[in-house]
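Where a number appears in this text, it was derived from the coordinates with a stated rule and is not lab data. Remember, it's a predicted structure, so these values are computed and weren't measured experimentally. Backbone-built Cβ (ideal geometry, glycine too); neighbour counts: all protein chains shown.
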Amino acid sequence: MNMLIYLIPIALFLGGLGLAAFLWSLKSGQYDDLEGAAWRVLSDDDDKPGD
């Protein structure tokens with residue numbers, strides 16, 4: 001039972017840290033273009049460096 005005194009605050013801190021990281025990623029625009037990366041993978045660029 002004494003271990004819960006340590007584990008509950010640690011779990012709350014890590015949960016808050018994860019929430020803060022998620023909110024930061026929303027604010028910085030990480031989820032603005034969800035389909036762009038998928039289309040960039042499929043695009044066939046003729047001007048590849050090294051070709």
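What the table shows:
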quantity	calculated
Sites residue 14 and residue 34 - FRET efficiency at Förster radius 30 Å, r taken between beta-carbons, to 0.05	0.65
Helical mean residue ellipticity (222 nm; -39500 (n - 2.57) per DSSP H run of 4+; nearest 500) of the chain	-20000 deg cm²/dmol
